[in-house]
Amino acid sequence: MPARSVRSRSARRSSGLLLSSRVLGEADLILQFFTRDYGRISVVARSARNSRKRFGGALEPFHQLALEFDDRGPDVELGLLREASVQLPRVGIVKHLENLECAGRGLGWVRHGLPPRTPEPSVWRCCAVLLDALDRGAPADGLRLLAEFGFELCECLGWAPELDGCVVCRRACPEGQSAGISPVRGGVVCRQCGGAQRVLRGPTRMRLLGLPGGGQLEAEDAEPVIALVEDILRAHAGLE
Ligand SMILES: [Zn+2]
């Protein structure tokens, strides 16, 4: 197959999501993608600023993109984007401001949380679930979906807080009871051990404990859980 043979040996193909974009020089862009097969990568898109048709208008967030890029080895931080096209459009997200903001905030967490060049298939699945739901969804449910996504993201990255007992003295936290949380220490801290940064109400804590078994959060959980997720990302991933 001649078309294949002209490609360099480091040519990669993967589905991906655009995480960030910044200008490089007169005509180029530096793009960060979360790719399904290679994790978070950074590439240069030559002439992407000048020529809209160069990448067919595909360099937009939230759509699932088909990407082709050259990986120039572990010592070269920036790959080179060859092709980008929309594989699965999600045009519904931009119809509601709240859903748009939730999608952007979720991908911002991914950008901060993911290590470079490390495939994270479970994070990829969580992103697809969130973005598809926001794409379909009417507004008003976005924050709850974002909260569930954030907690699952923390679980995927190994940062989920321990919520059933004190992480210091191991004393169990009675069912349904509010608990102080220390994101730095990794979960519940009892009054004696101290150091809580925020308090999680009992019902919210119980629903978070039920999430891995297929449970759901309620609308009232969204705000405290999002705050908790951002505490965790600040503690572990330098979220500002
Ligand atoms: Zn304790």
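The values are calculated or read from the model by the stated rules, or taken from the named source; none is laboratory data. Just so you know, these numbers come straight off a predicted model, no measurement behind them. As a convention, Cβ positions derive from the backbone with ideal geometry for all residues, glycine included, and neighbour counts pool all protein chains shown. Accessible surface areas use protein heavy atoms only, side chains included; no ligands, DNA or RNA. Shrake-Rupley method; radii C 1.70, N 1.55, O 1.52, S 1.80 Å.
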When region 212-240 is checked residue by residue, the ones that are touching a helix residue (DSSP H, G or I) at 6+ places or on another chain (Cβ under 6 Å), touching a residue at least 60 places away in the same chain (Cβ under 8 Å) and within 22 Å of GLY142 (Cα to Cα) are LEU217, ALA219, ASP221, ALA222, VAL225, ILE226, VAL229, ILE232, LEU233, LEU239
Take the conditions out of contact with any Pro (no Cβ under 8 Å at 6 or more places or on another chain), charged (D, E, K, R) and within 16 Å of the ligand (Cβ to nearest atom) and apply them to ASP135. Does it pass?
no
State all residues of region 71-108 that are open to solvent by less than 90 Å² (accessible area, probe 1.4 Å) and more than 15 Å from LEU18 (Cβ to Cβ); if no residue qualifies, say none.
ASP71, GLY73, VAL76, LEU78, LEU80, GLY92, HIS96, GLU98, ASN99, CYS102
Pairs under 8 Å by beta carbon, first residue farther than 12 Å from GLN32 by Cβ in region 110-132, partner loosely packed, with under 15 Cβ neighbours inside 10 Å, six or more apart or different chains?
PRO119/ASP37
Within region 142-161, can one find any residue that is within 16 Å of the ligand (Cβ to nearest atom), in contact with a strand residue (DSSP E or B) (Cβ under 6 Å, 6 or more places away or on another chain) and open to solvent by 40 Å² or more (accessible area, probe 1.4 Å)?
no
Scanning region 20-65 for residues that are touching a Gly at 6+ places or on another chain (Cβ under 8 Å) and not β-branched (Val, Ile, Thr), the one most open to solvent (accessible area, probe 1.4 Å) turns out to be ARG36
Neighbours by Cβ (under 9 Å, 6+ apart or cross-chain): first from region 163-179, more than 7 Å from the ligand (Cβ to nearest atom); second open to solvent by less than 40 Å² (accessible area, probe 1.4 Å) and hydroxyl-bearing (Ser, Thr, Tyr)
VAL167/SER182; SER178/THR204
On the basis of being within 16 Å of the ligand (Cβ to nearest atom) and more than 27 Å from CYS102 (Cβ to Cβ), does ARG185 make the cut?
yes
So which strands (runs of 3 or more DSSP E) stay within region 162-239 end to end and still have 3 or more residues that are surrounded by 15 or more Cβ atoms within 10 Å (Cβ to Cβ)?
179-182, 187-189
